[in-house]
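The values are calculated or read from the model by the stated rules, or taken from the named source; none is laboratory data. Quick caveat, the model's predicted, so the values are computed rather than measured. Cβ coordinates were reconstructed from backbone atoms using ideal geometry, including for glycine residues, and neighbour counts include every protein chain displayed.
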Amino acid sequence: MSNSSVLALANNGNNIFAGTYYGVFLSTNNGNNWTQAGLSANSIMSLAISGNNIIAGVEDYPVGLGGVYISTNNGTNWSPNLFTPIQNVWAVFVNGNTVFAGADNGVYLSTNNGTNWTQTSVNNDYVYAFAVSGNNIFAGGDNGVYLSTNNGTNWTLTSLHVSMGALAVNGNNIFAGTFAGGSGQGVYLSTNNGINWTQTSLNNRNINSLAASGNNVFAGTYLTGFYVSNNNGTNWVQRNEGFTPNTVVSDLCILNNFIFAGTGGIGAVGVYRRPLGELITGIQPVSNEIPNKYSLSQNYPNPFNPSTVIRFSVPNDKLTTNNVQLIVYDVMGREVQTLVNESLRQGTYETTFDGSKLTSGVYFYRLTAGEFTDTKKLILLK
């Protein structure tokens, strides 16, 4: 994928799909290898998953090829264009049994898997992004952010009237990434379903893509790469390690403790990835002493509410050949959160685990590095 501009990403289980100017590509091994998965004559603007179906929104170039295409067998075969009238489809989105398409002249919806389409009341705007929060569906277009509370039957324009490039939902937080000049640039946040919006400190970039995990929000930009906020948009840090200058990050996808970035344009081109733990953990070295062995300390305080600190030590005098992983599990052994997943130099480190969105109970955290492993219990008491 290193020679193709990637415009869209989506995952279905462990399968990652990438949309390019030359069709859809598929990886079944976390992006290590890619194979062509059809539509090689089409420019893929967006991808979505509906059960076992892969849905592609396609640009109308060459003329007559735009619209919506669906594959029911992981991209091996694709339907003819299911969208009428034929035009650019910039965004596709699935909510329950309804498929939404954002096109040159508004929002369309289909309740029979794309066979028939109905144009909604958003009918005079280019629409580039969708997101859902409970019963609320958001659509981002040139005129701003629209809201529907009845699965697309009716829409109202919210108070944010800036050209939209991306939308994401993180709990009760709605994030909107704008693609506009001047003071309208950047990421906006609404905590009341779009009634009010606040511009975050990332306010001088054009935003192509957004993704969220826990309290962490990720933004892909036009020409300035990738940004991370670890506190729901209050502060942002540019994290362009591995990218070339002027990188355009068109889309983001989170899978198997990795974040994938589809890039294209002047800078880096293709699909890039990095461990999610490098970006979502604020691990800090806390000692100048060199440990002589791996160790995992008991969290403090314990019991805790809502956050607790975990300390661990790494003895290596150079980068470890195996990643250091610190993962929290529930009592059923299900992974709750990856706190650390990266190579670390020798030292003693601390990181904070936030349990504000979890229920009271017993949890476990496990440190793994090479052949070393240790597990301890922590108690969340609200």
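Restricting the range 314-349 to residues that are of a type in the set (S, T, N, Q) and at pLDDT 80 or above leaves a set whose member that is nearest to Leu276 (Cα to Cα) is Thr338. Criterion applied to Gly144, Gly182 was being in contact with a Leu (Cβ under 7 Å, 6 or more places away or on another chain) and in the same structural domain as Asn257 (by TED's automatic domain parsing), and the one residue passing it is Gly144.
The strands (runs of 3 or more DSSP E) located wholly in the range 111-153 that include 1 or more residues which are modelled with pLDDT under 95 occupy 127-133. When you check Ile207 against the structure, is it within 16 Å of Val6 (Cα to Cα) and surrounded by fewer than 20 Cβ atoms within 10 Å (Cβ to Cβ), yes or no? Criteria not met by Ile207. If you go through the range 80-110 and pick out every residue that is buried (at least 18 other Cβ atoms within 10 Å of the Cβ) and in a loop (DSSP other than H, G, I, E, B), you end up with 4.
Say whether the condition of being under 16 Å from the mean Cα position of the chain (by Cα), without any contact (Cβ under 8 Å) to a residue 40 or more places away in the chain and under 25 Å from Gly144 (Cβ atoms) is met by at least one residue in the range 214-221. Scanning the range 214-221, I find at least one residue that is under 16 Å from the mean Cα position of the chain (by Cα), without any contact (Cβ under 8 Å) to a residue 40 or more places away in the chain and under 25 Å from Gly144 (Cβ atoms), so the answer is yes. None of Asn216, Asn231 is at pLDDT below 95 and in contact with a helix residue (DSSP H, G or I) (Cβ under 8 Å, 6 or more places away or on another chain) except Asn216. Taken together, the residues in the range 68-79 that are of a type in the set (A, V, I, L, M) and outside any strand (DSSP E or B) amount to 0.
One residue stands out in the range 265-290 among those that are modelled with pLDDT of 85 or more and surrounded by fewer than 20 Cβ atoms within 10 Å (Cβ to Cβ): the one that is farthest from Gly347 (Cα to Cα), namely Gly270. crowded, with 22+ Cβ neighbours inside 10 Å, more than 20 Å from the chain's Cα centre (by Cα) and in contact (Cβ under 8 Å) with a residue 40 or more places away in the chain: does that describe Val68? It is true that Val68 is crowded, with 22+ Cβ neighbours inside 10 Å, more than 20 Å from the chain's Cα centre (by Cα) and in contact (Cβ under 8 Å) with a residue 40 or more places away in the chain. Residues satisfying the criterion are present in the range 53-67 (criterion: part of a loop (DSSP other than H, G, I, E, B) and within 19 Å of Thr118 (Cβ to Cβ)). Scanning the range 350-373 for residues that are in contact with a Lys or Arg (Cβ under 7 Å, 6 or more places away or on another chain) and part of a strand (DSSP E or B) turns up Glu350, Val362, Phe364, Tyr365, Thr373.
Could you please let me know if Ala101 is under 24 Å from the mean Cα position of the chain (by Cα) and either small (Gly, Ala, Ser) or not assigned by TED's automatic domain parsing to the domain that holds Gly262 (or both)? Yes: the conditions hold for Ala101.
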